[in-house]
Amino acid sequence: MNEQTRCGYVAIVGRPNVGKSTLLNHILGQKLAITSRKPQTTRHTMLGIKTEEGVQAIYVDTPGLHKDNEKALNRFMNKSASQALRDVDVVLFVVDRMRWTDEDELVLDRVRHVPCPVILVVNKVDRMEDKRQMLPHLEWLTEQLPEAEVVPVSALHGQNIAELEKVIAQRLPESEHFYPEDQITDRSSRFLAAELVREKVMRQLGAEVPYQVTVEIEQFKQEGKILHIHALILVEREGQKKIIIGDGGDRMKKIGQEARLDMQKLFGSKIMLNLWVKVKRGWSDDERALSSLGYRFDQ
């Protein structure tokens, strides 16, 4: 084994909407995890793998930990995020500048007990005109996690990301790499296609509907130079179906156009994308339905 080779798992945790997926995308240098302004956009854990100069960091992007455990889908997301803290080599605890909520406290309680190094990533610092205002809050955070190193960043604009990666690399164990150098994720192309469609739905719709939407890929087939993808958008009520389709199909057309452009960049192929909307009542609170849609409770 080459002593200079390092490899390990890095869990990215935090409450919803602090920029975890944006951080992962910027580290990887390409869009892998979907993002939107709405909390709880991420539902599944996903690996983002970066191999550079003998260091392979395997990032585990997680759903935001939150207090709402009423629905089966929310329980699934909280379980996924908590399980990601097991057997990792480094934890990135992402917080949003000086904002601190009960859900941040929930995450803090979990990361206090992990046996591996914790890096406190203070995100969105570009939005603060006077950085000195943050010093008392940073001191308070350091008191909560005395062993953690604090790294301020802007995930959206890439500020201080290189420094963060250096800190992560120093804490990864010496090891052979677990994945080939050119592999960037553990997820299938079908999964990534479904997530891109769901992202466009979340960005197009208001506050309520996106949380009762999921996407299932029914066909994913390369024919010559064209990749044919058939995607089914599942909602819980007939009224939601009408909202997604929009007047004369306008909203559905826009969702399809934006998803197809991202798919062409990701898959490097011309895309023929067909979308349908179907009502599947109560899917988000039915563990059997969730399991059939790829949400695994037994992991």
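The values are calculated or read from the model by the stated rules, or taken from the named source; none is laboratory data. Worth saying up front: this structure is predicted, and the values here are computed from it rather than measured. Here the Cβ is made from the backbone with ideal geometry for all residues, glycine too, and neighbour counts use every protein chain on show.
Taking helices (runs of 4 or more DSSP H) that fall entirely within the range 124-228, which contain at least 2 residues that are closer than 28 Å to Leu106 by Cα and outside the structural domain of Asn274 (by TED's automatic domain parsing)?
Values: elements: 135-144, 161-171, 189-204.
Ranges flagged: 135-144, 161-171.
Report whether or not Gly239 is out of contact with any strand residue (DSSP E or B) (no Cβ under 9 Å at 6 or more places or on another chain), modelled with pLDDT of 90 or more and farther than 16 Å from Thr35 by Cα.
Considered against the rule, which asks whether it is out of contact with any strand residue (DSSP E or B) (no Cβ under 9 Å at 6 or more places or on another chain), modelled with pLDDT of 90 or more and farther than 16 Å from Thr35 by Cα, Gly239 comes out as no.
Being surrounded by fewer than 19 Cβ atoms within 10 Å (Cβ to Cβ) and of a type outside the set (Val, Ile, Thr) is the requirement here; does Lys200 meet it? Break it down stepwise before answering.
Working: surrounded by fewer than 19 Cβ atoms within 10 Å (Cβ to Cβ): no; of a type outside the set (Val, Ile, Thr): yes.
Answer is no for this residue.
Might you check whether a residue that is closer than 19 Å to Glu238 by Cα and at pLDDT below 90 occurs anywhere in the range 269-276?
The answer is no; no qualifying residue exists.
Here is a yes/no grid of residues against (1) within 22 Å of Arg112 (Cβ to Cβ); (2) of a type in the set (Lys, Arg):
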site	(1), (2)
Pro146	yes, no
Ser154	no, no
Leu164	yes, no
Arg171	yes, yes
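So, of the residues in the range 1-48 that are part of a strand (DSSP E or B) and aliphatic (A, V, I, L, M), which turns out to be modelled with the lowest pLDDT?
Filtering the range 1-48 for residues part of a strand (DSSP E or B) gives 6-13, 46-48.
Among the residues that remain, those that are also aliphatic (A, V, I, L, M) are: 10-13, 46-47.
Numbers: Val10: 95, Ala11: 91, Ile12: 92, Val13: 90, Met46: 81, Leu47: 87.
This residue is Met46.
Could you tell me whether Gly249 is in contact with a Leu (Cβ under 6 Å, 6 or more places away or on another chain), at pLDDT 90 or above and either loosely packed, with under 13 Cβ neighbours inside 10 Å or not hydroxyl-bearing (Ser, Thr, Tyr) (or both)? Full working, then the answer.
Details: in contact with a Leu (Cβ under 6 Å, 6 or more places away or on another chain): no; at pLDDT 90 or above: yes; either loosely packed, with under 13 Cβ neighbours inside 10 Å or not hydroxyl-bearing (Ser, Thr, Tyr) (or both): yes.
The answer is no for Gly249.
With the requirement that a residue be over 27 Å from Arg6 (Cα atoms), part of a loop (DSSP other than H, G, I, E, B) and not charged (D, E, K, R), what does the range 89-123 give you?
Answer for the range 89-123, where residues must be over 27 Å from Arg6 (Cα atoms), part of a loop (DSSP other than H, G, I, E, B) and not charged (D, E, K, R): Met98, Trp100, Thr101.
Just one of Ser175, Ser154 is within 19 Å of Ala11 (Cα to Cα), of a type in the set (Ser, Thr, Tyr) and surrounded by fewer than 18 Cβ atoms within 10 Å (Cβ to Cβ); which is it? Don't jump to the end; show me each part of the working.
Values: Ser154 fails: surrounded by fewer than 18 Cβ atoms within 10 Å (Cβ to Cβ).
Every option except Ser175 fails the conditions.
A quick yes/no check of all residues on (1) at pLDDT 90 or above; (2) over 26 Å from the mean Cα position of the chain (by Cα); (3) more than 19 Å from Asp61 (Cα to Cα):
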{"site": "Gln133", "(1), (2), (3)": "no, yes, yes"}
{"site": "Gln144", "(1), (2), (3)": "yes, no, yes"}
{"site": "Glu149", "(1), (2), (3)": "yes, no, yes"}
{"site": "Val153", "(1), (2), (3)": "yes, no, no"}
{"site": "Ile161", "(1), (2), (3)": "yes, no, no"}
{"site": "Val167", "(1), (2), (3)": "yes, no, no"}
{"site": "Glu174", "(1), (2), (3)": "yes, yes, yes"}
{"site": "Gln183", "(1), (2), (3)": "yes, no, no"}
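Might you check whether a residue that is free of Cβ contacts under 8 Å to residues at least 12 places away in the same chain, within 13 Å of Val279 (Cβ to Cβ), assigned by TED's automatic domain parsing to the domain that holds Lys280 and not aliphatic (A, V, I, L, M) occurs anywhere in the range 235-248? Spell out how you get there, then give the answer.
Looking only at the range 235-248, we keep the residues that are free of Cβ contacts under 8 Å to residues at least 12 places away in the same chain, and these are 239, 242, 246-248.
From what is left, the residues that are within 13 Å of Val279 (Cβ to Cβ) are 239, 242.
With the extra rule that they be assigned by TED's automatic domain parsing to the domain that holds Lys280, the set shrinks to 239, 242.
Still in the list and also not aliphatic (A, V, I, L, M): 239, 242.
Yes: the range 235-248 contains one or more residues that are free of Cβ contacts under 8 Å to residues at least 12 places away in the same chain, within 13 Å of Val279 (Cβ to Cβ), assigned by TED's automatic domain parsing to the domain that holds Lys280 and not aliphatic (A, V, I, L, M).
Based on what the data block shows, is Val114 in contact with a helix residue (DSSP H, G or I) (Cβ under 6 Å, 6 or more places away or on another chain) and more than 30 Å from Leu275 (Cα to Cα)?
Numbers: in contact with a helix residue (DSSP H, G or I) (Cβ under 6 Å, 6 or more places away or on another chain): no; more than 30 Å from Leu275 (Cα to Cα): yes.
Criteria not met by Val114.
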